[in-house]
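Here's the structure, in structure tokens; my notes come after.
Derivation of every value follows stated rules applied to the coordinates shown; laboratory data play no part. The structure presented is a predicted model; accordingly, all values stated were derived computationally and were not measured. Because the Cβ atoms are built from the backbone with ideal geometry, glycine has one as well, and the counts that use them run over all protein chains shown.
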Amino acid sequence: MNLRVHVHPRANRNEIVEAGGDLHAYVTAPPLENKANIAVRDLIAKRFDVAKSEVTLVRGARSPIKEFEI
């Protein structure tokens, strides 16, 4: 399953919200050194109840709009 996620780094909370058919991930991690991507991966794994290793960033490593695969 592929997920399109809009990432909002340096937010006040760690949370995934569905809005308009897209997922918005709010993470407290900064967008430096891949920290925000890792935080989003962890949130997706928790939300869909899968192991972190099963969630892969497919596209958008440096973009606010990312595609993850479970």
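Residue by residue, region 13-27 carries 3J(HN,Hα) couplings of 8, 10, 7, 10, 10, 9, 9, x, x, 10, 9, 10, 9, 9, 10 Hz when phi is fed to the Karplus relation 6.51 cos²θ - 1.76 cosθ + 1.60 (θ = phi - 60°); x denotes Gly or Pro. Packing-based ranking of 11-23, 35-47 yields 35-47, 11-23, ordered from highest to lowest mean Cβ neighbour count within 10 Å. The slack in the chain from V50 to I70, taken as 0.36 nm per residue of separation less the alpha-carbon distance, amounts to 6.4 nm.
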